[in-house]
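Student: Following this message is one structure expressed as structure tokens.
The values are calculated or read from the model by the stated rules, or taken from the named source; none is laboratory data. If you're wondering where the values come from, they're calculated on a predicted model, not measured in any experiment. With ideal geometry, Cβ positions are generated from the backbone for all residues, glycine too; neighbour counts draw on all protein chains shown. Just so you know, the surface numbers come from the protein's heavy atoms only, side chains and all, with ligands and any DNA or RNA stripped out. Shrake-Rupley method; radii C 1.70, N 1.55, O 1.52, S 1.80 Å.
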Amino acid sequence: MPSVEKLLEFIREQIKVEGEIVRSLEEAVTKVESPAVATMLRGISHDSMKHTEVYEAVEMMLTGHRPPISHESLHELRDLIEKHIEYEARLIK
């Protein structure tokens, strides 16, 4: 099993890579003439931005740099996520 330091090293590298992907796609969008292709490239870029946010959240959890969350907030978030999952399930039917 990898050490926490090795895991943090991996996460930090992924954050850099995802950032490079976002920058390259944003540059490519300015050069593309097709609106459909530009939209797809922006979608991929947004996906990489989300990946970065997830990696950053994991990094914060592993390093102890995270704000506390109240029990009430946790329940509200759970309800929100459950509702989102329901919406997504309807979309794929």
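Student: Are there any helices in the chain, counted as whole DSSP H runs, that stretch 27 Å or more along their axis by Cα and score at least -0.5 on average by Kyte-Doolittle, and if so which?
Tutor: Helix filter hits for the chain: 4-29, 35-63.
Student: While we're looking at this one, here's another question. Of the accessible area of the stretch 1-91, with the probe set at 1.4 angstrom, what percent is carbon plus sulfur?
Tutor: Using a 1.4 Å probe with all protein chains present, the stretch 1-91 comes out at 62 percent carbon and sulfur.
Student: Right, something else. With the chain treated as a Gaussian network of Cα nodes joined by springs under 10 Å, which of Glu33, Glu82, Glu18 yields the largest mean-square fluctuation?
Tutor: Between Glu33, Glu82, Glu18, it is Glu82 that shows the largest mean-square fluctuation.
Student: Continuing with the same structure: Using label points projected 7 Å from each Cα along Cα→Cβ, tell me how many nm separate Val58 and Glu27, to one decimal.
Tutor: Each label point is offset 7 Å from its Cα along the Cβ direction, giving 2.7 nm.
Student: Also, I was wondering about something else. Taking the alpha-carbon set of the chain, what are its Rg and Dmax in Å?
Tutor: Rg and Dmax of the chain, Cα atoms, are 17.6, 50 Å.
Student: So between Val37 and Ile92, what do we pick up on full extension, going 0.36 nm a residue minus the alpha carbon distance?
Tutor: Once the chain is fully extended between Val37 and Ile92, it gains 17.4 nm.
Student: How much accessible area per residue does the chain have, counting only protein heavy atoms and a probe of 1.4 Å, in square angstrom?
Tutor: Per residue, the chain has 84 Å² of solvent-accessible surface.
Student: Top mean-square fluctuation among Leu41, Leu25, Leu80, Gaussian network model of the chain, C-alpha springs under 10 Å?
Tutor: Fluctuation is largest for Leu80.
Student: Given a Förster radius of 22 Å and the C-beta distance between Arg66 and Lys6 as r, what FRET efficiency does 1/(1 + (r/R0)^6) yield to the nearest 0.05?
Tutor: The formula returns an efficiency of 0.60 here.
Student: Taking the highest mean first, how do the peptides 3-15, 57-69 order by number of other beta carbon atoms within 10 angstrom per residue?
Tutor: Listed from highest to lowest mean packing, they are 3-15, 57-69.
Student: Sorted by accessible area (1.4 Å probe), largest first, how do Ile92, Ile21, Ile44 line up?
Tutor: Ile92, Ile44, Ile21
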